[in-house]
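Participant: I'd like to ask some things about the structure below.
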Amino acid sequence: MVPPFGSRATRETSRETMARARARASLMPDLLVEARRVANNVFAGWHGRRKRGVGEDFWQFRPYVTGENLAAIDWRRSARDDHLYVRDREWQAAHMVWLWVDESPSMLFKSSLATVSKQSRALVLAFAMAELLARSGERLGWLGVSKPIVSRHAADKLAEALLAAPVQTEIPDGSTVRNFSEVILFSDFLQPVEDTVSKLKEIAQRGARGHLVQLVDPVEDEFPYSGRVEFSDPETGQKLTAGNARALRENYETLFSDHSRHLRSIAESLGWSYTLHHTNRLASDALISLHMYLMHTRRGAA
């Protein structure tokens, strides 16, 4: 049943964590094959990202961090809303892209309206993006798991590093993120909003530009239930029995849509991008959307 959101109050036992890690390992080869298929389908429209080198060309607007030189503030851009922004220039070193996929229990959810779980789709999208970025010579890392690498086989190497790492259930603290990096986070973002905001702001303050990809099962915002239904929270194990599920629909849909809008507003306030992807849609849809953000957000901001 559809999981209530915002309720990550408990942690898995070591036995459950090990079981999930073994399941992840068994699926990894198939996920990599699917990721390459998706990447190849999109590659025809991938013209290569502009390599950044020494120069004064505009790269991005990012939030002003207390203590920075006030002369760096772009007052024209800052006047558009209630935030202060700094105009960044091209970096003189190799670019760095960090990937991260949420593996919390809620990400395992898959309804009858979807062909894959949110976690499987998120991993396919992350590996497909790694495949595409590796072809462009980007430096890639898995946030909280691996060091940055430059390799044509980056997707395989990142998958190997992930297999050796604990199950990823919380956004890492971003201590390895450096200025001018890009961070792509794949999650349903059902953890308490205040926790998400804290982690995202910490990453943004390091000078990184972020991209949020929210994975949603179709029943999580359509709520197609009626009659007597028992709902189970995959995070806490708590159950809720509704005698007339249809009566909950309007309030639930409002809460869920407000949650997604709030997440989008958080991303926009940081100068980040936001993509909503339903797991009953093609993976290439989200990959193309994300690619467009990577290519054009800096141009659009100017």
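Each row is one residue, and each column tells you yes or no for (1) in contact (Cβ under 8 Å) with a residue 60 or more places away in the chain; (2) part of a strand (DSSP E or B); (3) under 13 Å from the mean Cα position of the chain (by Cα).
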{"site": "Phe189", "(1), (2), (3)": "yes, no, yes"}
{"site": "Thr196", "(1), (2), (3)": "yes, no, yes"}
{"site": "Lys201", "(1), (2), (3)": "yes, no, no"}
{"site": "Arg206", "(1), (2), (3)": "no, no, no"}
{"site": "Gly210", "(1), (2), (3)": "yes, yes, yes"}
{"site": "Val213", "(1), (2), (3)": "yes, yes, yes"}
{"site": "Val219", "(1), (2), (3)": "yes, no, no"}
{"site": "Pro224", "(1), (2), (3)": "yes, no, no"}
{"site": "Gly227", "(1), (2), (3)": "no, no, no"}
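Participant: Going through Thr236, Thr254, Thr241, Thr275 one at a time, which residue ends up being outside any helix (DSSP H, G or I), more than 24 Å from Thr169 (Cβ to Cβ) and of a type in the set (Val, Ile, Thr)?
Facilitator: Exactly one of Thr236, Thr254, Thr241, Thr275 is outside any helix (DSSP H, G or I), more than 24 Å from Thr169 (Cβ to Cβ) and of a type in the set (Val, Ile, Thr), namely Thr241.
Participant: Just one of the numbered conditions (1) modelled with pLDDT of 90 or more; (2) surrounded by fewer than 18 Cβ atoms within 10 Å (Cβ to Cβ); (3) farther than 28 Å from Arg135 by Cβ is not true of Arg281; which one?
Facilitator: (3)
Participant: Across region 229-245, which residue is surrounded by the most Cβ atoms within 10 Å (Cβ to Cβ) among those that are closer than 17 Å to Ser111 by Cα, in contact (Cβ under 8 Å) with a residue 24 or more places away in the chain and in contact with a Lys or Arg (Cβ under 9 Å, 6 or more places away or on another chain)?
Facilitator: So, considering only residues that are closer than 17 Å to Ser111 by Cα, in contact (Cβ under 8 Å) with a residue 24 or more places away in the chain and in contact with a Lys or Arg (Cβ under 9 Å, 6 or more places away or on another chain), the one surrounded by the most Cβ atoms within 10 Å (Cβ to Cβ) is Glu235.
Participant: Let me ask something else. Which helices (runs of 4 or more DSSP H) sit wholly inside region 75-165 and have at least 3 residues that are among the charged types (D, E, K, R)?
Facilitator: 118-135, 154-163
Participant: For Glu253, are the conditions met, namely being farther than 30 Å from Ala79 by Cα and among the acidic types (Asp, Glu)?
Facilitator: Yes.
Participant: While we're on this one: Restricting attention to region 148-184, which residues are touching a residue at least 24 places away in the same chain (Cβ under 8 Å), aliphatic (A, V, I, L, M) and closer than 19 Å to Leu294 by Cβ?
Facilitator: Residues satisfying the conditions are Val150, Ala154, Ala155, Leu158, Val177, Val183, Ile184.
The values are calculated or read from the model by the stated rules, or taken from the named source; none is laboratory data. Every value quoted in this text rests on a predicted model; they were computed, and no experiment measured them. Counting neighbours? That spans all protein chains shown, and the Cβs are built from the backbone with ideal geometry, glycine included.
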